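Encoded as structure tokens, the structure appears first; notes follow it.
A short reminder: the numbers here are calculations on the coordinates, not readings from a lab. None of the values given here were measured: they were computed from a predicted structure. Here Cβ is always computed from backbone atoms with ideal geometry, including for glycine, and neighbour counts include all displayed protein chains.
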Amino acid sequence: MNFTLSEEHEALRDVAKNFLSKEVNFSKLLVPGATVEQAGYDEMWPKIVELGWPGIVIPETYGGLGMSYIDLAMIIGETGRYLASAPLFGTLAGAWAIEKAGSEKQKTDLLGSVAAGQLKLALAVSDADGNIDGEKSDATATESGGSWQISGSKSYVVDAPSADKIVVMANTNAGKKFFVVDRKAKGVTVELLKWRDITRQVANVRFDKAPAELLPESKADTWVWIRNRLYLVLAAESAAGIEKALGDAVDYAKERVAFGRPIGSFQALKHQLAELKGMSECATAGVHYAAWALTENDPKAAIACAMAQSYASEAYRDTTFRNIQVFGAIGFTWQMPNHLYYKRARSNAELLGSSRHQREQIIQMLEKDTSPLAA
């Protein structure tokens, strides 16, 4: 096990950083009352497709690049560093569900379209109470004459308004299964939420006998397999966001003068920034370990991913909160991007359950001799 990034990984990260530093523009969001509609959510997508990001971890067999989860972490980290507004999270999530639970024909057709940038996805798993791991779902699928229909609802669905198709986890007589639903199909209603993070689309989706296509390989461990990878995505976003918020706070502490000296020279502030630096290093290490574990199919990958998300989400929230404190009054204004990172941090800490929820999962896995949640 070696956590030193290779030259190829660093080069991939630098390409993503250079691209996003030029493409992301907060100017429309740094005004009072800005909303996600002003984020230009789909404007960057064609360029992201040209870079091949939607297909980065899709197997080559299905038209993707077949790269590693370490490669993915390099790219996702930079999207988190720059709060890139694009439907990448939902597309990756939906693609993983199809990869794990779809038939060979579904994987060939749908994943090939995702990798080519012709199909955007969303994954609907969360219920109204935020539960993602319950035995029951707020959506139910019924079969009649060989065809499936879904009724009910799903909440907090990332990227649903931009998606062409939505992968839905729903109840059946045989337990929870995954289905593919056309977003524009009759009986599908997508309601964009006034979400605290205005750089990301989050919606509620209602189904009223909406036609659905079963992913026939849906099994009891399908969701856990997907969830491990989503934990990695959120943790990678958060770890890079920590680096960004900390770097901005350090730079400002060197420039801002109070009582005739830079505020960064005061011992109390030095201690805070040093503590945040330690948290940043731990979050990044956790992400690299989780990405390595998934890449190597390590039996402890599920524990690694839950640990990475639990730690990084809390550290991101604390870092962005202290970042605003370092900036003082100006850090609270709409004219500064500080609040955008704080809102993303708060959102990342709740989208897939709280850090406490992940720690409970870790305890349950550690109580057993080996992790039952295979990578």
inquiry  = 5 Å is the cut-off here: which amide hydrogens, built 1.01 Å from N in the peptide plane, fall below it relative to Leu215, excluding neighbours closer than 5 in sequence?
reply    = Phe178, Phe179, Val180
key: Under Karplus coefficients 6.51, -1.76 and 1.60, residue-wise ³J(HN,Hα) of segment 162-173 in Hz, glycine/proline x   = 8, 6, 8, 9, 10, 8, 10, 8, 9, 6, 9, 5
task = Report the semi-axes of the equivalent ellipsoid for segment 98-148 in whole Å, largest first, where each axis is √(5λ) for an eigenvalue λ of the Cα gyration tensor.
result = 25, 17, 10
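Determine the gain in length on full extension of the stretch Trp334-Ala128; use 0.36 nm per residue of separation and subtract their C-alpha separation, reporting nm with one decimal.
Full extension of this stretch gives 71.2 nm more.
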task = Can you tell me the relative contact order of segment 121-214? Whole percent, Cα pairs under 8 Å, sequence separation 6 or more.
result = 33 percent
request  = May I ask for the angle, rounded to the nearest 10°, between helix 69-81 and the longest principal axis of the chain, with both axes built from Cα atoms and the value confined to 0 to 90°?
outcome  = 60 degrees
key: Amide H partners (placed H, <5 Å) of Ala139, local residues excluded   = Ser153, Asn171
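Full extension from Glu60 to Lys270: what is 0.36 nm times the residue separation minus their Cα-Cα distance, to one decimal in nm? Present the calculation step by step, with values, prior to reporting the outcome.
Working: separation 210, 0.36 × 210 = 75.60 nm, distance 4.83 nm.
Additional length available on full extension: 70.8 nm.
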query = What is the local net charge at Phe19, summed over the other residues whose Cβ is closer than 9 Å to its Cβ (Lys, Arg +1; Asp, Glu -1)?
reply = +1
message = If each DSSP helix of 4+ residues adds -39,500 (n - 2.57) and the sum is divided by the residues in the chain, what number results at 222 nm, nearest 500 deg cm²/dmol?
response = -15000 deg cm²/dmol
query = Can you work out ³J(HN,Hα) from phi for every residue in segment 313-325, in order, using Karplus 6.51 cos²θ - 1.76 cosθ + 1.60 and θ = phi - 60°, giving whole Hz and x for Gly and Pro?
reply = 5, 5, 5, 5, 4, 5, 5, 5, 5, 6, 4, 5, 5
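Report the FRET efficiency, 1/(1 + (r/R0)^6), for Glu37 and Asp221, where r is their Cβ-Cβ distance and R0 is 41 Å, rounded to 0.05.
Plugging the Cβ-Cβ distance into 1/(1 + (r/R0)^6) gives 0.60.
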remark   = Here FRET efficiency (C-beta to C-beta, Glu367 to Thr140, R₀ 25 Å, nearest 0.05) is 0.15
ask   = Of the peptides 344-354, 29-39, how do they stack up when ordered by the mean number of other Cβ atoms within 10 Å, highest first?
value = 344-354, 29-39
request  = Can you tell me which of 217-224, 122-129 comes out highest on packing, and rank the rest after it, using the mean Cβ neighbours within 10 Å?
outcome  = 122-129, 217-224
request  = Quick one: what are the phi-derived ³J(HN,Hα) couplings along segment 248-257, Karplus 6.51/-1.76/1.60 with θ = phi - 60°, whole Hz, x for glycine and proline?
outcome  = 5, 5, 5, 4, 5, 5, 7, 8, 6, 10
Residue of Leu121, Leu65, Leu234 that the Gaussian network model of the chain assigns the largest fluctuation, springs spanning Cα pairs under 10 Å = Leu65
remark   = If one compares the long axis through the Cα atoms of helix 88-101 with the longest principal axis of the Cα atoms of the chain, the angle in degrees, nearest 10, works out at 40 degrees
query = In the Gaussian network model of the chain, springs joining C-alpha atoms below 10 Å, which of Met307, Met169, Met336 carries the largest mean-square fluctuation?
reply = Met336
remark   = If each K or R counts +1 and each D or E counts -1, the residues other than Ala95 whose Cβ falls under 13 Å of its Cβ total +1
query = Hey, of [x] 20.7, 79; [y] 20.4, 63; [z] 22.2, 72, which did the structure itself give for Rg and Dmax of the Cα atoms in Å when calculated?
reply = [x]
remark   = Packing-ranked peptide list from 251-261, 273-283, highest mean Cβ count within 10 angstrom first, is 273-283, 251-261
